[in-house]
1. How many partner chain Cβ atoms sit within 10 Å of a residue's Cβ in peptide A:1-13, on average, as a whole number?
2. Just to be sure I understand: of the beta bridges DSSP finds with both ends in the stretch B:12-213, what percent are antiparallel, rounded to 5?
3. What list of ³J(HN,Hα) values in whole Hz, one per residue of the stretch A:207-213 in order, does the Karplus curve 6.51 cos²θ - 1.76 cosθ + 1.60 (θ = phi - 60°) give from phi, with Gly and Pro shown as x?
4. Using a 10 Å cut-off around each Cβ, can you sort A:Phe134, A:Phe157 from fewest to most neighbouring Cβ atoms?
5. Take peptide B:126-138, look around each residue's Cβ out to 10 angstrom, count Cβ atoms belonging to other protein chains, and average those counts.
6. Amide H of A:Gly19: which non-local residues (sequence gap of 5 or more, or other chain) have their own amide H closer than 5 Å, using H built in the peptide plane?
7. What size of dipole, in debye to the nearest 20, comes out for chain B about its Cα centre when the only charges are +1 on Lys and Arg C-beta atoms and -1 on Asp and Glu C-beta atoms?
8. If I take every Cα pair under 8 Å that is 6 or more residues apart in chain B, average their sequence separation and divide by the length, what percent do I get for the relative contact order?
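None of the figures in this text is laboratory data; all of them are computed from the coordinates on show. Computed from a predicted structure; not experimentally measured. Cβ sites come from the backbone with ideal geometry, for glycine too, and all protein chains shown count toward neighbours.
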Amino acid sequence: MRETYGTTLPGMRLGELTGKLIVIEGTDGVGRTTQINLLKPWLEQQGRAVLETGVSRSSLAGKGIKQAKEGHTLGRITLTLFYGTDFADRLEHEIVPALRAGFVVLTDRYIYSLMARAMVRGIDPAWVRNVYSFALKPDAVFYLRIGVDDLIPRVVFSRGFDYWESGMDLHPSEDMYESFRKYQGALLSQFDVLAEQYGFDIVDASMDIRSVSARLKAGVARVLSGEPPEPLFSIPKPKEAVEPATEAKVIQMPAPAKAAGAD
Amino acid sequence: MKRYGEHRFPGKLFVVEGIDGSGKSTQLMLLHQWLQAEGYGTVFSEWNSSPLVKDTTRRGKKKQMLTPATFSLIHATDFADRMEHNIIPLLKAGAVVLCDRYIYTAFARDVVRGMDPKWVRELYGFAVKPTTAFYFRVPLDVAMKRILDGRTGLKFYEAGMDLGLSEDEEESFAIFQERILEEYEKMVPEFDLTVIDATLPIEEQQVIMRQVVKAKLAQAKRLRVAP
């Protein structure tokens, strides 16, 4: 039977959620959308009904988040909770009904990206875990893993640097390139911690699109056939030296606007 | 991130809590007048006032698309925005901050809607602990009479209509308020709320309130602006 990460929301009858919940995680520009666009028709050809969803797309809060981000004025805790609201709305109004109807739900990111973003901004991990503890445990989390060096050309040569993807709200550097490096590096180290804690299935996303897709399809097929997942990979060490996974990086803000109640 | 700790900002935070019709807003308004006359830098922080989140909340309520979970989270988001951008800076600046409703309102409402009490308390772990939290205790029938006399109609979520307690708005409201009242009573010892008997004459309640506030401000003389 399906489980949550802690608390169960009112009216959510877990026994009825017979579909499969499959998460594609990974940082900005790693190719999640491309991969989902390949997975969906592949599943449908096999006769599986697929619901595709992603973060900040809820009908309740999606627009509000976009507007608020335009102004760049959201506080860290506020932003975390806004994403939490959006997530809850999608969980209750999209994911749960689809699971109840026996769909395969493919979600572009899940709580892990949202948790990583919050933790990089110095928010207490235990608090963030509690906020998202109503989330359903997925059947599988495929984490598209990439190093910063492989990520940069993909982002720069496709759409350029984005304010939020570069963590510019944290002012790590005046320069977008430096900011992007620092911010994405910190995010990736948070993801490595989460990968261990939540048992992600790690996919090397530096491979070409077709190889990644083949790897994902094999993983998804295994989940759908009910076979146990392959034993967990140990996290491959990237070329450059990286801190041990347990000490995930947090971006230090210049003026540490500490959370409420700080001395 | 420190949780719900006793803040060490120079300002003071006074909050009023109680069910609708307990008279808490009237009492806070009278306290505000007095504090200003006494020369304290006093600021009123309203519930539901964050411009960033307001549109989303309004949409959710108007279209009745809020569930207990999203109702809880959108209000927490709104509260966080006020906490980060309004209440904390004001307390740092040494202001006396007055809040009509605070986290206890959320605890009561969300738990009545079926949310896990522990989860909700933890959700608001970033909130500053008030200097004093006043709870205006009033019997349900007294509060109901005050409200229904003065109002033309109840709003959907206000009456707890989303809980399906009754088809009738007034009846739904009464059942909802009764459950909220039970939650408040549980919180009195848990959070050491300062109870005011809200059936007393208005002036008497205000005298008690001012005494309590005065005692807390005595340790913060430097807040005083020269008249």
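1. The mean count of partner-chain Cβ atoms within 10 Å per residue comes to 3.
2. Approximately 0 percent, going by the DSSP bridge assignments.
3. 3J(HN,Hα) across the stretch A:207-213, in whole Hz: 6, 6, 3, 5, 5, 4, 4.
4. Ascending number of Cβ neighbours within 10 Å: A:Phe157, A:Phe134.
5. 2
6. A:Arg100, A:Gly102, A:Phe103
7. Computed about the Cα centre, the dipole is about 1260 debye.
8. Relative contact order of chain B: 33 percent.
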